[in-house]
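Each remark here refers to the structure printed beneath this line.
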Amino acid sequence: MPRHPSPNEITITFPDGGIRKYPKGITVEEVAKSISEGLARATLDAQFNSQHVDFDTKLEQDGTFKLFTFKDQEGKNALRHSCAHLLAASVLELYPSAENAIGPPIEDGFYQDFELPQPISEADFPKIEQKMHELAKTWLVMKGKEVTLQEALSQFKKNKYKTELAKEFGKEGKKITFQIAGSFIDLCKGGHVFNPGKNLQYFKLSSVAGAYWRGDQKNKMLTRIYGTAFPSKKELDEHFWRQEEAKKRDHRVIGQQLSLFSFDETSPGAPFFHPKGAVIFNELLSFLREEYSKRGYEEVITPLIYDKSLWQASGHWEHY
Ligand SMILES: [Zn+2]
């Protein structure tokens with residue numbers, strides 16, 4: 001006879017297929033600690049039945065449970081996306097008339113877009129980073145709160161980007177959620193670290209660029225600030241060390257130092273090959289031709305220049 005499930009117990013299934021019983025109402029943090037204290041400390045984000053849960057969420061039913069650390073893409077994204085919010089909050093404190101737009105995680109970091117009352121440069125980064133460290137200490141948690149469209153429009157009446165997004169979510173019948181950390185409120189669907197004050201310590205802003213709102217050149221050009229975040233100072237330092245090393249080995253730099261090729265502003269991105277460079281170019285070409293014929297391919301020659309409509313159709317145009 002199968003045992004009747006106890007009304008005070010829930011069954012949790014882990015990604016490795018392991019199944020454990022826990023008292024009903026156990027928190028996410030307690031489940032993490034029951035696996036290991038170290039894992040609980042390294043946990044950045046978690047899902048229960050494919051929904052984001054907070055560290056203090058009480059689990060009341062059976063389900064599948066996943067914890068994310070920095071080793072997981074979800075953990076990386078949670079850390080870096082949370083850091084983009086911290087950047088937004090700090091810039092809004094330093095420049096009260098600024099408006100923040102979106103701030104997603106990207107490969108190796110994050111960015112956050114702003115409409116700013118004045119241009120900024122990398123020289124402003126130390127001041128902004130200092131404000132980020134200051135604010136992070138007051139961000140004990142980052143909690144989601146579902147709100148009505150009216151509440152969102154009233155909260156973001158001075159931010160045309162958030163207003164536009166809120167109206168769109170409303171029209172599409174999507175949930176509208178505020179994310180609240182310290183005294184900062186943003187419009188976002190979630191996916192943040194449990195403990196921003198502790199998790200957001202090792203970050204660095206890296207560059208600033210222009211970017212059109214929603215990638216459309218008919219829209220206003222915004223200021224995009226790039227940065228990155230790691231769970232420890234060691235990993236952050238190593239990241240920038242690797243970037244410096246890669247710069248030294250950049251083929252565009254080495255190739256010019258060895259006089260293999262050079263660039264001219266009349267043809268950015270397409271090099272002029274010098275005699276030694278032309279030897280390498282031709283050797284590579286003959287190697288490729290041999291490989292084609294071994295594998296039964298025939299050669300064709302396509303145009304070097306196309307009309308921009310091709311790139312517009314392929315979706316690459318905005319990258320140029
Ligand atoms: Zn967010």
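To keep it simple, each residue is scored yes or no on (1) of a type in the set (S, T, Y); (2) outside the structural domain of F184 (by TED's automatic domain parsing); (3) under 20 Å from L236 (Cβ atoms); (4) free of Cβ contacts under 8 Å to residues at least 24 places away in the same chain.
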site	(1), (2), (3), (4)
P15	no, yes, no, no
Y22	yes, yes, no, no
L39	no, yes, no, no
T64	yes, yes, no, no
A78	no, no, yes, no
C83	no, no, yes, no
E93	no, no, no, no
N100	no, no, no, no
Quiz item: So T163 fits all but one of (1) part of a helix (DSSP H, G or I); (2) out of contact with any Phe, Trp or Tyr (no Cβ under 6 Å at 6 or more places or on another chain); (3) away from the ligand (no atom under 15 Å from the Cβ); what number is the exception?
Solution: (2)
Self-check item: Top-ranked residue of the stretch 180-204 - restricted to ones that are in a strand (DSSP E or B) and open to solvent by less than 10 Å² (accessible area, probe 1.4 Å), ranked as farthest from the ligand (Cβ to nearest atom)
Solution: A181
Quiz item: Does the stretch 213-230 include one or more residues that are free of Cβ contacts under 8 Å to residues at least 12 places away in the same chain, of a type in the set (S, T, N, Q), open to solvent by less than 100 Å² (accessible area, probe 1.4 Å) and not assigned by TED's automatic domain parsing to the domain that holds N195?
Solution: no
Practice problem: Go through (1) modelled with pLDDT under 95; (2) surrounded by 11 or more Cβ atoms within 10 Å (Cβ to Cβ) and name the single condition A278 misses. | Solution: (1)
Exercise. Among the helices (runs of 4 or more DSSP H) lying completely within the stretch 227-320, list those that include at least 2 residues that are within 30 Å of H81 (Cα to Cα).
Key: 233-248, 308-314
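The values are calculated or read from the model by the stated rules, or taken from the named source; none is laboratory data. Because the structure is predicted, anything quoted here is derived from the model rather than measured. Backbone-built Cβ (ideal geometry, glycine too); neighbour counts: all protein chains shown. Heads up: the accessible areas ignore ligands, DNA and RNA and are worked out on the full protein's heavy atoms, side chains in. Shrake-Rupley method; radii C 1.70, N 1.55, O 1.52, S 1.80 Å.
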